[in-house]
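Encoded as structure tokens, the structure appears first; notes follow it.
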Amino acid sequence: MRHSTEAVDAFVALGANLGDPAATLRAAIDKLAALPKSELVRCSGLYRSAPLDAPGPDYLNAVLCLRTELEPHVLLAQMQRIEHAHGRARGARNAPRTLDLDLLMHGAVRLDTPELTLPHPRLHRRAFVLAPLAEIAPDCEVPGLGSVRALLASVAGQAIERIAG
């Protein structure tokens with residue numbers, strides 16, 4: 001795949017509900033910030049939410065913005081490497097996990113491959129993604145879906161609590 005030299009803003013959602021989720025998210029943020037050809041632009045505070053359609057402890061969630069020259073699939077591979085380093089086991093959908101990293105958006109790219117769909121196909125239905133995203137990019141437009149503010153208003157009934165900055 002060709003490498004672009006133009007940096008774009010990529011948004012990554014982070015979540016964890018096993019082990020020490022707060023420490024895991026802080027470590028993952030540091031690892032994402034240290035990726036090659038990337039720099040951390042902004043990171044939300046931590047949010048707590050109940051698991052979606054699954055048992056287990058509450059999740060801690062955050063969203064960060066990386067300015068990166070990495071192509072979407074390369075960034076995804078780096079994110080999966082970080083998940084694996086934190087003991088992520090891929091099993092049942094929505095199962096409890098030590099770390100979950102989702103690429104939400106990569107600039108204005110719209111993509112649908114077996115490995116990656118951009119923007120993330122469920123981001124507009126999840127308050128635990130939209131609330132931290134709105135904290136760091138309230139005026140952001142999600143390609144093909146609309147403004148983060150409007151999307152967040154559409155999930156106002158989902159319980160989420162900001163717990164740390």
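The values are calculated or read from the model by the stated rules, or taken from the named source; none is laboratory data. As the structure is a prediction and not an experimental result, all values here were calculated from the model. We place every Cβ from the backbone using ideal geometry, glycine too, and count neighbours over all the protein chains shown. Remember, those area values only see protein heavy atoms, side chains included, never the ligands or the DNA or RNA. Shrake-Rupley method; radii C 1.70, N 1.55, O 1.52, S 1.80 Å.
Just to verify a number: FRET efficiency for residue 30 and residue 58, C-beta to C-beta distance, R0 = 30 Å, to 0.05?
Numbers: r = 23 Å, r/R0 = 0.76.
The value I calculate is 0.85.
Roughly how many Å² is the accessible area per residue of the chain, as a whole number, for a 1.4 Å probe?
Accessible area per residue, the chain: 49 Å².
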Two pseudo-spin positions, 7 Å from Cα along C-beta at residue 125 and at residue 112, lie apart in nanometres by 1.5
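Do me a favour and compute the ellipsoid semi-axes for segment 6-54 from its Cα gyration tensor, root of five times each eigenvalue, largest one first, whole Å.
Details: eigenvalues 114, 33, 16 Å².
Largest first, segment 6-54 gives 24, 13, 9 Å.
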Reduced to Cα centres, the span from segment 58-78 to segment 98-165 in Å works out to 12
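Given a 1.4 angstrom probe, I'd like the percentage of the accessible area of the chain that is carbon and sulfur, rounded to a whole number. The partial results should precede the final answer.
Working: 4230 of 8070 Å².
Carbon with sulfur: 52 percent of the solvent-accessible area.
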For 119-130, 39-50, ranked highest to lowest by mean beta-carbon neighbours within 10 Å, the order is 119-130, 39-50
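Per residue, what volume in Å³ does the convex hull of the Cα atoms of segment 14-165 enclose? Could you put the intermediate results ahead of the total?
Details: hull volume 16.3 nm³, N = 152.
Residue-normalised Cα hull volume stands at 107 Å³.
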So, with points 7 Å from each Cα along the Cβ direction, the residue 158-residue 145 label distance in nm works out to 0.9
Measuring from its Cα centre, the chain shows a charge dipole (+1 at each Lys and Arg Cβ, -1 at each Asp and Glu Cβ) which, in debye to the nearest 20, is 240
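As a test of the formula, what do you get for the chain when each DSSP H run with n ≥ 4 contributes -39,500 (n - 2.57) and the sum is divided by the residue count, at 222 nm and rounded to the nearest 500 deg cm²/dmol? Working shown, then result.
On the way: 4 runs with 43 residues, N = 165.
Calculated from helices alone, the mean residue ellipticity at 222 nm is -8000 deg cm²/dmol.
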